[in-house]
1. In Å and from the alpha-carbon atoms only, list the Rg and Dmax of the range 80-196.
2. Along the Cα-to-C-beta direction of SER186, a point sits 7 Å from the Cα; which residues of the range 88-131 have their amide N less than 18 Å from that point?
3. Long-range amide H contacts for LEU60: which residues qualify at under 5 Å (H placed 1.01 Å from N, peptide plane, sequence gap of 5 or more or a different chain)?
4. Can you compute 3J(HN,Hα) from phi for each residue in the range 132-143, using the Karplus curve 6.51 cos²θ - 1.76 cosθ + 1.60 with θ = phi - 60°, rounded to whole Hz and x for Gly and Pro?
5. With respect to the cross-link table entries LYS160/LYS195; LYS34/LYS195; LYS82/LYS195; LYS34/LYS114; LYS73/LYS156; LYS104/LYS129, which display a Cα-Cα separation exceeding 31 Å?
6. From the protein chains alone at 1.4 Å, what is the descending order of accessible area for LEU161, LEU194, largest first?
7. Can you list residues whose amide H is under 5 Å from TRP151's amide H, if they're 5+ apart or on another chain and H is modeled 1.01 Å from N?
8. Label-point separation (nm) for ALA79 and ASN112, each offset 7 Å from Cα along Cα-to-Cβ?
Amino acid sequence: MKNTWIKGFLAIVILLATFGGSVGSAGATANTVKPVMDNLSKYGLKKDVDLPVTVTAGGLSYTLEKIMIFDAKSKDAQALAKKYGYDLEGSKYFIWTKITVDNKSGNTVQRNIKDLSNKWRLNFGDLAKGEASAAMPGKLDDSVNNKEALWTWVLKPGQKLSTYQGFRYSGDFKHFVIWLDNKGTSATKYIVELKE
């Protein structure tokens, strides 16, 4: 009976740690358990800065809140592919991000049929294989500003969007930098610095 109770308690602690809850007891100060924000170290990427990270260019603010890298054939990647209609054929990795985009400029910022340019890009340093490319959630490809899986979006001045976005990638992991480009203004932020 005692072992069952201990196992149950440990399971609750693990769940709370994963989803950012807190654990406490009567008469004691609650200990906040830090949620898992990334799994970069699994791929040899040692962070120089912790998430969340914000990059701003031309009045567009992009915040990377969470990033998880999965083998494209893994159970997690395949579950997301099935749920949202991602095509992961030919990809080695599927990268799942939680982001917030905030339009602080005086103009509408968008990525759709009217403006096909990517406003942000994720690069992991394998120039031969290129950067990670945004994956289209086939089941939501006609949705605008979707909060579950982003594809096309439009942000009017002062508008903010928190959502998730998937990327396909097949290169090696050497560093990790976010590139942001809006209205002819660009900015970069290294999460993992390029090591010599």
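The values are calculated or read from the model by the stated rules, or taken from the named source; none is laboratory data. Since we're looking at a predicted model, the values are computed, not measured. FYI the Cβ positions are ideal-geometry reconstructions off the backbone, even for glycines, and counts take in every protein chain you see. Only protein heavy atoms, including side chains, enter the accessible area calculation; ligands, DNA and RNA are left aside. Shrake-Rupley method; radii C 1.70, N 1.55, O 1.52, S 1.80 Å.
1. Considering the range 80-196 through its Cα atoms, Rg and Dmax are 14.7, 43 Å.
2. Within reach of a label on SER186, which here means backbone N under 18 Å from a point 7 Å along Cα→Cβ, the range 88-131 contributes 116-131.
3. Correct list: LYS104.
4. Calculated HN-Hα couplings, in order: 5, 10, 4, 9, 8, x, x, 7, 10, 5, 9, 8 Hz.
5. On the way: LYS160/LYS195 34 Å; LYS34/LYS195 28 Å; LYS82/LYS195 37 Å; LYS34/LYS114 41 Å; LYS73/LYS156 38 Å; LYS104/LYS129 33 Å.
Going by Cα-Cα distance, LYS160/LYS195; LYS82/LYS195; LYS34/LYS114; LYS73/LYS156; LYS104/LYS129 fall outside the 31 Å limit.
6. Values: LEU161 10, LEU194 95 Å².
Ranked from most to least accessible, the order is LEU194, LEU161.
7. Amide H to amide H, under 5 Å and 5 or more residues apart or across chains, TRP151 pairs with ASN145, ASN146.
8. Here the modelled spin labels are 3.2 nm apart.
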